[in-house]
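Structure first, then comments.
The values are calculated or read from the model by the stated rules, or taken from the named source; none is laboratory data. Quick caveat, the model's predicted, so the values are computed rather than measured. In this analysis, Cβ positions are derived from the backbone assuming ideal geometry, glycine residues included, and neighbour counts consider all displayed protein chains. For the accessible areas, the whole protein counts, side chains as well, though only heavy atoms, and no ligand, DNA or RNA atoms are used. Shrake-Rupley method; radii C 1.70, N 1.55, O 1.52, S 1.80 Å.
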Amino acid sequence: MSSGNFLKFLLPIVTFPVLAAFALNFVVGHTQSSGWGEKLRIQCESSETPYALPYSGITQVDGALCILVSVFHASFTSVSLPFTFWFLISAVPVTAFLYVEAFRRRVPSLPIKYPIIPGILMQTATFGATIPMWWLFAILTGVTNLRPSSATTTVAQGHALAIAFGIFIGMFIPTISMFALLDPYVTAVWQFFPLFVSFAIAAHLLVRPTSKDQESGHTIISILYIASFIFSSSVHLAVVSSRLHDLGRLKAFFFPSTSVLDLSLNDDLHALHLLQWDALFGFGSAILGTLWFARSRMQLLGLLAWHIVAIPVMGPGAAITGVALWRESHLNSTEKPVDAKK
């Protein structure tokens, strides 16, 4: 097998499923092994928690929502809230990227074409396990290998406007509302944000069909990415600057314990442990996936250098967005493709 085929097929086939499996082990496996998952289930079934509420009126749905709401509200204490806020804000540009890729003129596979699929999986099968598999499909189906061409890579302006509207209404507003209100019903509603984003996009396209806006939406997508970059990097800088004097505290903020936590520890520590692993594998796999955008050795080195600098300074969300912005500019350029042999 040539080195090209190894990088294009074998390496991602081995790497990304392994990352997804490790994510499930550390996020779900640790939660179950510690007994915390069973503790939440028993509390919700016996109504021994303030989060056992009639969210939908359907017993099974309400039971599942009770557990999810319990996890998030456990993370809303002073110990874990800063990380939860950082995580979800950093995930906004990643979600925006999935929707942008879905609306290119030619999309090859279901998980890419319908981002509601990975969106729902992020909420049910974890962010950390879903993102690696999205990148696997993106690499194997050629999404990461797109070349500048208005026939295949352009996102129509009407679609770009709908994406920006959907992300703002369907994800950003519910996320900010959840943190502002700290209400269990709002937290339960937030779990369905992938549906809200898709519905908001569909509603926008119904009111303003793309037939009226067929020109390139490059400028709108760039503005969306720049706004995401500024917001996520601002949150990251606030986190880092407030902990820079204590490197141990800074490390503990981003990196979880590799050991299963003792059940006797407070719920907020269990929630923090779960979310830290979820973020680590989700952002880590997305950062790794962006390396497949490189069309030459120089571009690969440039992407590596960018991530080495951008991740600690501006955060993973901003780092990923920076690469997406660069790629969007490349796909809308009129320059000849770079020779991959250089």
* Asked: Given 76, 187, 292, which one lies farthest toward the positive end of the charge dipole of the chain, if we put +1 on the Cβ of every Lys and Arg and -1 on the Cβ of every Asp and Glu?
  -> 292
* To do: For residue 113, list the aspartates and glutamates whose Cα falls under 17 Å from its own Cα; do not include residues on the same chain fewer than 8 positions away.
  => 101
* What is the extension gain from residue 53 to residue 260, computed as 0.36 nm multiplied by their sequence separation minus the C-alpha to C-alpha distance, in nm to one decimal? -> 71.6 nm
* Counting each DSSP H run of 4 or more residues in the chain as -39500 (n - 2.57), what helix-only mean residue ellipticity at 222 nm follows after dividing by all residues, to the nearest 500 deg cm²/dmol? -> -21000 deg cm²/dmol
* Asked: Cα-based Rg (one decimal) and Dmax (whole number) for the chain, in Å?
  -> 20.4, 64
* Looking at the square roots a ≥ b ≥ c of the eigenvalues of the Cα gyration tensor of the range 13-86, which shape do they give, rounded for a/c under 1.5, prolate if a/b is larger than b/c, or oblate? -> prolate
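Label the range 125-213 by shape, choosing from rounded, prolate and oblate, from the square roots a ≥ b ≥ c of the eigenvalues of the Cα gyration tensor; if a/c is under 1.5 it is rounded, and otherwise prolate applies when a/b is larger than b/c, oblate when it is not.
Values: a/c = 3.20, a/b = 1.34, b/c = 2.39.
Cα axes put the range 125-213 in the oblate bin.
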* **Phi-based couplings in Hz for the range 11-17 (Karplus 6.51, -1.76, 1.60; Gly and Pro marked x)** => 4, x, 4, 7, 6, 6, x
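Return one whole number: the accessible area per residue of the chain in Å², for a 1.4 Å probe. Walk me through the intermediate numbers first.
Values: 15700 Å² over 342 residues.
That works out to 46 Å² for each residue.
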* To do: Name the most mobile residue of 248, 217, 315, meaning the one with the largest mean-square fluctuation, in a Gaussian network model of the chain with Cα contacts below 10 Å.
  => 248
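So how many Å³ per residue does the convex hull of the Cα atoms of the range 220-342 work out to? Don't skip to the answer; put the middle values down first.
On the way: hull volume 15.0 nm³, N = 123.
Dividing the Cα hull volume of the range 220-342 by its residue count gives 122 Å³.
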* Backbone HN-Hα couplings from phi across the range 277-294 [Karplus 6.51/-1.76/1.60, Hz, Gly and Pro as x] -> 5, 4, 5, 4, 6, x, 5, x, 5, 5, 4, 4, x, 5, 5, 6, 6, 5
* **Relative contact order (%) - criterion: Cα under 8 Å, at least six apart; region: the chain** => 27 percent
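Taking 8 Å as the Cα distance limit and 6 or more residues as the minimum spacing, I'd like the relative contact order of the range 100-232 as a percentage.
Numbers: 146 pairs, mean separation 39.7, N = 133.
This gives 30 percent for the range 100-232.
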* Summarise the accessible area of the chain (1.4 Å probe, protein heavy atoms) by the percent that is carbon and sulfur. => 69 percent
* Dipole moment magnitude, nearest 20 debye, the chain about Cα centre, only Lys, Arg, Asp, Glu C-beta charged -> 1460 debye
* Structure fact -> With every protein chain in place, the accessible area of residue 207 for a 1.4 Å probe, in Å² rounded to the nearest 10, comes to 120 Å²
